[in-house]
Amino acid sequence: MSIHDSPARHDPATLYAALCARDPAFEGRVLVGVVSTGIFCRLTCPARKPRPENCRWFANADEAARAGFRPCKRCQPLGGVPDDATIARLRRAIEAEPSRPWSEADLIRLGHEPSTIRRAFRRQFGMTFLQMARQARLKAGAARMAQGDKVIEAQLDAGFESASGFRAAFARLFGYPPAAMRADGGGLVADWIDTPLGGMIAVGDDNALHLLEFPDRKALKAQLARVSVASGQRIGLGRSAATRRTAEQLGQFFAGERASFDLPIHPHGTEFQRRVWAALRDIPAGETRSYAQIAQAIGQPRAIRAVARANACNGIAIVIPCHRVIGADGSLTGYAGGLWRKERLIAVENAYRTPANSGLGA
């Protein structure tokens with residue numbers, strides 16, 4: 001969609017959908033004033049979303065201020081906003097040199113204010129520029145190790161000057177030290193998959209997908225341990241038939257070409273949790289359910305809190321769509337991968353509600 005200077009070029013429904021999705025395409029071009037609070041915000045503001053009738057749309061901060069609104073202290077709409085081209089250039093710089101140990105000094109040399117870049121990346125991607133660069137370095141090291149390289153070689157290739165720093169960062173990301181992640185020619189392997197919402201860790205073998213998670217999720221280490229214990233296998237590094245198919249279908253999903261997944265999965269949980277996860281997979285893309293509705297669907301209408309806990313324990317994100325469960329009042333509630341990702345996923349799936357996409361699937 002082409003974005004122009006004036007919000008008048010877009011109907012209120014489009015702007016409200018962008019607000020709910022925290023769409024970064026409108027950064028620096030449209031602001032929203034909230035009548036009920038008297039505050040104006042960026043459309044990417046993480047605050048709870050107002051009702052559509054309480055929204056007023058402005059092209060810039062001066063217009064909002066003249067209308068009597070004051071700036072939000074949370075999203076700081078008066079601060080400078082890097083344009084899309086600047087953010088794209090910085091992302092390409094990481095992709096061009098994934099092993100480079102980027103620093104704030106590098107950003108200053110490129111003419112950027114580090115705190116501005118930090119806020120912009122966190123709003124749009126849920127992580128800072130330096131965190132994204134660090135993940136790229138770890139990904140590079142994991143790729144080298146998956147090819148059979150020694151740890152020290154992978155460490156140097158990933159741009160880490162000390163072995164202890166590489167091991168510590170790797171352990172934080174995967175839950176295992178790098179030497180323990182060496183693939184041994186079979187069984188479960190951990191693979192890195194790039195998505196528009198950031199990298200994801202996929203664990204699978206040639207038969208099924210066992211885990212799919214965002215690396216910044218706090219529970220990732222426990223999830224990996226649970227998969228390892230339940231399967232009786234140590235998880236190596238590499239690519240399996242299951243992780244390869246997962247990468248392909250995720251690409252199709254985000255491209256608007258696949259509304260559902262036909263991946264063989266092996267979720268690790270209790271019998272109750274698996275029933276909840278099966279009910280989640282029955283929710284069509286583009287639709288949502290409340291925790292109470294899921295409890296009704298599994299025949300235990302009083303187990304609303306247990307359903308919420310099972311939802312939070314889901315270890316196969318997106319494929320088991322726990323992001324489609326919302327609060328009874330329509331609020332998005334929490335999401336282990338970050339509320340901004342939940343908003344983006346729901347926005348992506350809204351396209352699958354149209355008649356043209358209704359036949360998309362496996």
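In the set (1) outside the structural domain of residue 140 (by TED's automatic domain parsing); (2) out of contact with any helix residue (DSSP H, G or I) (no Cβ under 7 Å at 6 or more places or on another chain); (3) touching a residue at least 12 places away in the same chain (Cβ under 8 Å), residue 66 fails one condition alone, (3).
Give the residues of the stretch 191-249 that are in a loop (DSSP other than H, G, I, E, B), over 19 Å from the mean Cα position of the chain (by Cα) and surrounded by 21 or more Cβ atoms within 10 Å (Cβ to Cβ), sorted by residue number. If the condition is that a residue be in a loop (DSSP other than H, G, I, E, B), over 19 Å from the mean Cα position of the chain (by Cα) and surrounded by 21 or more Cβ atoms within 10 Å (Cβ to Cβ), then 235, 238, 240 are the ones that fit.
Right, residue 296: farther than 22 Å from residue 248 by Cα, in a loop (DSSP other than H, G, I, E, B) and out of contact with any Cys (no Cβ under 8 Å at 6 or more places or on another chain) or not? So residue 296 does not fit the description; no.
Do we have residue 328 as over 18 Å from the mean Cα position of the chain (by Cα) and in a loop (DSSP other than H, G, I, E, B) here? Spelling it out, residue 328 is indeed over 18 Å from the mean Cα position of the chain (by Cα) and in a loop (DSSP other than H, G, I, E, B).
Within the set of pairs 6+ apart or on separate chains, which have a first residue in the stretch 326-343 that is on the phi > 0 side of the Ramachandran plot, a second that is modelled with pLDDT of 80 or more and part of a loop (DSSP other than H, G, I, E, B), and C-beta atoms under 7 Å apart? Hits for this filter: 333/327.
The values are calculated or read from the model by the stated rules, or taken from the named source; none is laboratory data. Bear in mind that the values here come from a model prediction, so they are computed numbers and not experimental data. Cβ coordinates were reconstructed from backbone atoms using ideal geometry, including for glycine residues, and neighbour counts include every protein chain displayed.
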